[in-house]
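J.: Below is the structure I would like to discuss, written out as structure tokens.
The values are calculated or read from the model by the stated rules, or taken from the named source; none is laboratory data. None of the values given here were measured: they were computed from a predicted structure. Every residue, glycine among them, receives a Cβ derived from its backbone with ideal geometry; neighbour counts consider all protein chains shown. Each accessible area value is taken on the protein alone, full model and side chains, heavy atoms only, with ligands, DNA and RNA left out. Shrake-Rupley method; radii C 1.70, N 1.55, O 1.52, S 1.80 Å.
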Amino acid sequence: MTAPCAASATTTAERACGVRVQLQPSWLLHSRPYRDSSLLLDVFTADCGRLGLVARGVHRRSRGGSLGAHLQPFRPLLLSFSGRGELQQLTAVEAPGAALGLAGERLFSGLYLNELLVRLLQRQDPHPELFAGYGLTLEALAEEGEVAPHLRAFESQLLDTLGYHLQPDIDASSGETVQADRCYHFDPESGLWPAGVAQPGGAPVYPGHHLLAMARGDYRGEVARSAKGLLRQALAVHLGDRPLRSRELFRARLTGEGRG
Amino acid sequence: MKFSPALGNLVEALRCLPGVGPKSAQRMTLHLLERDRAGAMRLASALEDAMQRVDHCSRCRNYTEQDVCEICSDPRRDPQTVCVVESPSDVMAVEYSGGYRGRYFVLMGHLSPIDGIGPAELGLDRFLERVAEEGVTEVILATNPTVEGEATAWYLTEALPASVNVSRIAHGVPLGGELEYVDGNTLAHAFSGRRRVERPA
């Protein structure tokens, strides 16, 4: 009995990203108005990865008008959709839980995560582990405590998912573990090199003990600054020339504070 | 090509309106030609007039054909209270409600990093300058209760000087609505923002 069940499970999975999908766990990454009362959605689903959906008649009163309230980022959603190709049609929305209470600066962090995903993930490329990681990161952001370590852990997971595993504890010149008392600089192509060897002018330098902490997944305290720099360098290669706009949001806010 | 060039052009031009496809554009064109040429001429001159003269108010960024719009130049309006909204239609909505006697600032959008809309695109610097110049004492943040609207409201909250009273409009159950049909998040907001009922002593 088990064999046919397994076979049917595969075909369901194969079919999952076309034709008709029911109640797929999803997060909304971005939406923009389309025609009179419709929205174009960019969603991150558990089994189908990032998808483009059309939600028709969202603002229409005859549909209860509450669809727009459900279709917000940082809120767990169950989406049903159908169709093939780039843009599928949203058929039903259920919100099984309340929105995560991201407020203030944590909203900016959430928007930053969403911009990263929209910029770096290909459409219709399933990443169930990253999907879970994204949910956990949002939950962590909604709680008290430091934001930065969670953002760094997510950035690192995102790089892994894209197939560019970052090894912060390996010295690229020797292939051995980095030494805690030395400093290193990072080359996105090849990895970490001891500082001083063919180092381009002004490149950021990372202390060895920070790198070892990062390899253990510890991004707290004084490691935070190094981790931010290193991951930003690693992500920059994939982001290309266009900068992330959500980062400007933080920067503009900081200069505003400095001015005031 | 079924139509004469001028007719075809008009059909094409009408399609720039939201929700107007080829079929409706054709129907509108034929209606104007057959039944309402005077109306069509009025429409043409009104369109040209509006497109050439209407620009943003230098103070609140709402649409106006003067340098400063009627609301901003109305002396009966409280110049020290400013309500921040996302779009000109939000100004209309607040105006129709009739209860507000201060002035406005229209953002013409909300912060949306993915669409490339940051503080500079919304003229937030201009707004902060205005607050300082005109001695504004109260700012009401009436951006939409969406994630982007909240982010915009928070950005302004952080950037405004501490001497300014900042408030955010309340979110809750619509008048005449029924709790059963209200979305859970809205209801949660309504509960967390509940108000003590004043009782006669």
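J.: What dipole magnitude, in Debye to the nearest 20, does the protein assembly as shown give about its Cα centre under +1 on Lys/Arg Cβ and -1 on Asp/Glu Cβ? Write out the running numbers ahead of the final one.
T.: On the way: 48 positive and 55 negative charges, 288 e Å.
The dipole magnitude comes to about 1380 debye.
J.: Compute the relative contact order of chain B as a whole-number percentage, counting only Cα pairs closer than 8 Å that sit 6 or more residues apart in sequence. Let's see the in-between values first.
T.: Details: 212 pairs, mean separation 25.5, N = 201.
Relative contact order of chain B: 13 percent.
J.: Give the shape of segment B:72-138 as rounded, prolate or oblate, defined through the alpha-carbon gyration tensor: a ≥ b ≥ c are the square roots of its eigenvalues, a/c under 1.5 means rounded, and otherwise the shape is prolate if a/b is larger than b/c and oblate if not.
T.: Oblate is the answer for segment B:72-138, as a/c is 1.5 or above yet b/c matches or exceeds a/b.
J.: Using only the Cα atoms, what convex hull volume per residue in Å³ does chain B have?
T.: Once divided by residue count, the hull of chain B is 234 Å³.
J.: Give, ordered by residue number, each residue of segment A:107-127 whose 1.4 Å probe accessible area is reduced by a minimum of 40 Å² on adding the remaining protein chains to the chain alone.
T.: Residues losing area: A:LEU107, A:PHE108, A:LEU111.
J.: Moving to a separate point now. Can you tell me the FRET efficiency between B:ASP49 and B:GLN80 if r is taken as the Cβ-Cβ distance and R0 is 41 Å, rounded to the nearest 0.05?
T.: Once rounded, the FRET efficiency stands at 0.75.
J.: Roughly how many Å is it from the Cα centre of segment B:26-88 to that of segment B:177-201, as a whole number?
T.: 38 Å
J.: Using a ≥ b ≥ c from the Cα gyration tensor of segment A:96-158 (square roots of the eigenvalues), is it rounded, prolate or oblate, where a/c under 1.5 gives rounded and otherwise the larger of a/b and b/c decides, a/b for prolate? Each step should come with its number before you reach the end.
T.: Working: a/c = 1.73, a/b = 1.48, b/c = 1.17.
Since a/c reaches 1.5 and a/b is larger than b/c, the shape of segment A:96-158 is classed as prolate.
J.: For B:ARG42 and A:ARG216, what does the FRET efficiency come to when R0 = 45 Å and r is the distance between their Cβ atoms, rounded to the nearest 0.05? Provide the component values of the computation, followed by the final result.
T.: Numbers: r = 74 Å, r/R0 = 1.64.
FRET efficiency, B:ARG42 to A:ARG216: 0.05.
J.: May I ask for the Rg/Rh ratio of segment A:146-260, computed from Cα atoms with Rh as the Kirkwood radius, given to two decimals?
T.: Rg/Rh for segment A:146-260 comes to 0.98.
J.: I've got another one for you. Please turn the phi angles of segment A:91-100 into ³J(HN,Hα) values with the Karplus equation 6.51 cos²θ - 1.76 cosθ + 1.60 (θ = phi - 60°), one per residue in order, whole Hz, x for glycine and proline.
T.: Each residue's phi maps through the Karplus curve to give 10, 7, 10, 10, 10, x, x, 6, 5, 5 Hz.
J.: Taking 0.36 nm per residue of separation and subtracting the Cα-Cα distance, what length does fully extending B:THR157 through B:ALA93 add? Could the numbers behind the result be given before it?
T.: Working: separation 64, 0.36 × 64 = 23.04 nm, distance 2.30 nm.
Gain in length upon complete extension: 20.7 nm.
J.: Can you pull the percent of segment B:47-143's accessible area that's carbon plus sulfur, 1.4 Å probe, other chains left in place? Can you show the working numbers first?
T.: Details: 2450 of 4860 Å².
Here it works out to 50 percent.
J.: Measure off 7 Å from each Cα along the Cα-to-Cβ vector at B:LEU179 and B:HIS31, then give the distance between these two points in nanometres to one decimal.
T.: 4.6 nm
J.: Count neighbours as other Cβ atoms within 10 Å of each site's Cβ, and list the trypsin sites (Lys or Arg not before Pro) in segment B:12-69 that are DSSP loop with at most 16 such neighbours. Provide the component values of the computation, followed by the final result.
T.: On the way: sites: B:ARG15, B:LYS23, B:ARG27, B:ARG35, B:ARG37, B:ARG42, B:ARG53, B:ARG59, B:ARG61; in loops: B:ARG15, B:ARG59, B:ARG61.
Counting only loop positions with at most 16 other Cβ atoms within 10 Å, the trypsin sites (Lys or Arg not before Pro) in segment B:12-69 are B:ARG15.
J.: Run the simple label-point estimate for A:GLU94 and A:THR177 please: 7 Å along Cα→C-beta, distance reported in nm.
T.: If labels sit at A:GLU94 and A:THR177, their model points lie 4.9 nm apart.
J.: Per residue of A:97-104, what is the mean number of Cβ atoms on other protein chains within 10 angstrom of that residue's Cβ?
T.: Working: counts 2, 5, 6, 0, 3, 3, 3, 7.
Per residue, the number of nearby Cβ atoms from other chains is 4 on average.
J.: Arrange the peptides B:157-168, A:75-86 so that the one whose residues have, on average, the most other Cβ atoms within 10 Å appears first.
T.: Numbers: B:157-168: 14.9, A:75-86: 17.0.
Descending mean neighbour count gives A:75-86, B:157-168.
J.: Next question, about the same structure. Take every Cα-Cα distance within the protein assembly as shown, group them into 20 Å bins from 0 onward, and report for each bin the whole-number percent of pairs it holds.
T.: Cα pair-distance distribution for the protein assembly as shown, in percent: 19, 46, 30, 6, 0.
J.: Net charge within 13 Å of A:TRP193 by Cβ-Cβ distance, Lys/Arg positive one each and Asp/Glu negative one each, not counting A:TRP193 itself?
T.: Details: positive: A:ARG182; negative: A:ASP171, A:GLU176, A:ASP187, A:GLU189.
Net of charged neighbours comes to -3.
J.: May I ask which residue of A:PHE186, A:GLY163, A:LEU151 lies farthest towards the positive end of the charge dipole of segment A:146-260, with charges of +1 (Lys, Arg) and -1 (Asp, Glu) on Cβ and the Cα centre as origin?
T.: Value: A:LEU151.
J.: For A:HIS30, enumerate residues with amide H under 5 Å from its amide H, sequence gap 5+ or separate chain, H modeled in the peptide plane.
T.: Amide H to amide H, under 5 Å and 5 or more residues apart or across chains, A:HIS30 pairs with A:ASP42.
J.: Among DSSP beta bridges whose residues both lie in segment A:146-260, state the antiparallel percentage, nearest 5.
T.: Details: 8 of 9 bridges.
For segment A:146-260, the DSSP antiparallel bridge percentage is about 90.
J.: Excluding B:PRO75 itself, calculate the net charge of residues whose Cβ lies under 15 Å from the Cβ of B:PRO75, where each Lys or Arg counts +1 and each Asp or Glu counts -1. Provide the component values of the computation, followed by the final result.
T.: Working: positive: B:ARG59, B:ARG76, B:ARG77, B:ARG101, B:ARG103; negative: B:GLU70, B:ASP74, B:ASP78, B:GLU134.
It works out to a net charge of +1.
J.: How much area per residue is accessible in the protein assembly as shown when the probe is 1.4 Å and only protein heavy atoms are counted (Å²)? Don't skip to the end; give the middle numbers.
T.: Details: 25860 Å² over 461 residues.
With all protein chains present, the protein assembly as shown gives 56 Å² per residue.
J.: Which value in deg cm²/dmol, rounded to the nearest 500, describes the helix-derived mean residue ellipticity at 222 nm for the protein assembly as shown, given -39,500 (n - 2.57) per DSSP H run of n ≥ 4 and division by the residue count? Each step should come with its number before you reach the end.
T.: Numbers: 16 runs with 190 residues, N = 461.
That comes out to -13000 deg cm²/dmol.
J.: Quick one: compute the contact order of segment B:79-185, relative version, from alpha carbon pairs under 8 angstrom and 6+ residues apart, as a percent.
T.: Working: 128 pairs, mean separation 30.2, N = 107.
Worked out over segment B:79-185, it gives 28 percent.
J.: Across peptide B:146-156, what mean number of C-beta atoms from other chains lies inside 10 Å of a residue's C-beta?
T.: Mean partner shielding for this stretch: 5.
J.: Using the Karplus equation 6.51 cos²θ - 1.76 cosθ + 1.60 (θ = phi - 60°), what ³J(HN,Hα) coupling, rounded to whole Hz, does each residue of segment B:35-44 give in order, writing x for Gly and Pro?
T.: Computed from phi, the couplings for segment B:35-44 are 10, 9, 5, 5, x, 5, 5, 4, 4, 4 Hz.
J.: Considering the alpha-carbon set of segment A:12-145 alone, what are its Rg and its Dmax in angstrom?
T.: Rg and Dmax of segment A:12-145, Cα atoms, are 14.4, 43 Å.
J.: Work out from phi, with θ = phi - 60° and the Karplus expression 6.51 cos²θ - 1.76 cosθ + 1.60, the ³J(HN,Hα) of each residue of segment A:234-248, listed in order in whole Hz, and give x for Gly and Pro.
T.: Using θ = phi - 60°, the values come out as 5, 6, 4, 4, 7, 7, x, 6, 7, x, 6, 6, 5, 5, 4 Hz.
J.: What does the net charge come to around A:LEU51 if you take all other residues with beta carbon closer than 11 Å to its beta carbon, with K and R at +1 and D and E at -1? Show your work: numbers first, answer last.
T.: Details: positive: A:ARG50, A:ARG123; negative: A:ASP42, A:ASP47, A:GLU86, A:ASP125.
Result for the local shell: -2.
J.: If you don't mind, there's one more thing I want to ask. Return the value, in Å² to the nearest 100, of accessible area buried between chains A and B (probe 1.4 Å, both sides summed). If you can, show how the numbers build up before the last one.
T.: On the way: alone 14190 and 13770 Å², together 25860 Å².
Approximately 2100 Å², summed over both chains.
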